[in-house]
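Structure, as structure tokens:
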Amino acid sequence: MYTKLRPIQSGTFSTVYKAWSTKYNRYVALKITPKYKTSEKNMLNEYNVMKTLSSHSPHPNICSMLDFYTDDSYYVMVLEYCECGDLYDFLDIAKSQGTPSSPSLVQIDMQKIIRQLYSAIQFAHSLGIAHRDIKPENVLLTINGDVKLADWGHAIQASKSNDYQIGTDNYRAPETFSNRIETSSFKRKLDQSSAPLYNTYKADYWSLGATIFYLLFGDCLFRVLKPKKGQHLKNLHEFEKDPFAFIYNKYVVPRLAGGYNNEGDLHESLQHTRQYVWQDLPDIYDVFHLCKIIVDTLLRVSDAEERSMEKFMNMVDSAWNKDTSTKDSFSYQSKIDLFWEQWSINTESIPSNFQLRNFEKPCLVQDSK
Ligand SMILES: Nc1ncnc2c1ncn2[C@@H]1O[C@H](COP(=O)(O)OP(=O)(O)OP(=O)(O)O)[C@@H](O)[C@H]1O
């Protein structure tokens, strides 16, 4: 019924193949998991989640399960095939095609990706399912540039959980790290049931914010090497104290090595380091503005309850609403005002050869001294 054509990629637990289905008369993806790599309980959980998500009217931005098989050695999940693979690899290819002086021709339609991810996550939450591993690697792309949220292996059908360390560190919400929990009983792993519960939907909101951040800067917000896990918590504290200074120092300043005379140069430098182009963020203020929206609505460190995907989407909608007659619309002047209000970083934190000067328009210049 299925003819395996080629392996697509091996993940931690499974290998995914492109295959042809005579039953559906279309290409499919076979996600094949050896039984020794997972427990029956975990597989049953993924199967049940996929079944719920794929039944009655499947969501266009969720990678549906078409079939499921098992034998003595393997579990085989038959999935819709996404021709362009995952977003992480897609951007990696885009980056490798470009050069610092000429970015790859790949263009990222931010609005489309954001809206479709929002819609997929909202749909899953409305069915009582939290994904718990949202990241660029789990966002698949179709040939039409539509996204499909995939890999529901860590998903849970509950709005609260006290499972910690589930998902991927670089995209995981702070409250899901067990070493933030001070209860000694939890630390000693005596009684997990007494560990505090976290809201699984709000944890997904954080991961959505971290995923969009990756698209903006081509890098993870809190990239931490495995041996340096403690660093992750330090980063979170630093980020919480002043998110804009954190982002500015870690993601903007390092890209200023060559010196910049105006915001156009800075915008280009960001594009060139990433080496792919955003289709719909025409200038640097749009990038910073979107970044501010993410920080204000999704990347709330301690006050997880304040995270709101609806607020995020409303603010994105008004930021992209180019009708300047609307009160909240994003005029060029308001972008500049916002830049100074939110991004005028303490000058002590800027390397000595750079300074912010308020010219006709705010811009970054290299100090000639
Ligand atoms: N339906 C699909 N169409 C095309 N490519 C796919 C599909 N499903 C998965 N892939 C590719 O295979 C990779 C691994 O898939 P998946 O994340 O589901 O496996 P996994 O074993 O759970 O991985 P991990 O746990 O390491 O994240 C994806 O990142 C993607 O590149």
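Readers should treat all values here as calculations from the given coordinates under stated rules, not as data from a laboratory. This one's a predicted model, so the numbers in the text were calculated from it and none came from an experiment. Cβ placement follows ideal geometry from the backbone for every residue including glycine, while neighbour counts extend to all protein chains displayed.
Points to keep in mind about this one:
- Violating pairs (Cα-Cα greater than 31 angstrom) within the set LYS37/LYS292; LYS31/LYS112; LYS31/LYS311; LYS37/LYS95: LYS37/LYS292; LYS31/LYS311; LYS37/LYS95
- From most to least packed by mean Cβ count within 10 Å, the peptides 59-65, 39-45, 125-131, 89-95 give 59-65, 125-131, 89-95, 39-45.
- Packing, taken as the mean count of other beta carbons within 10 Å per residue, orders the peptides 205-212, 233-240 from highest to lowest as 205-212, 233-240.
- Pairwise label distance in nanometres, ASN314 with SER73, each label 7 Å out on the Cα-Cβ vector: 5.6 nm
- Other-chain or far-sequence residues with amide H under 5 Å of PHE68's (modelled H): VAL78
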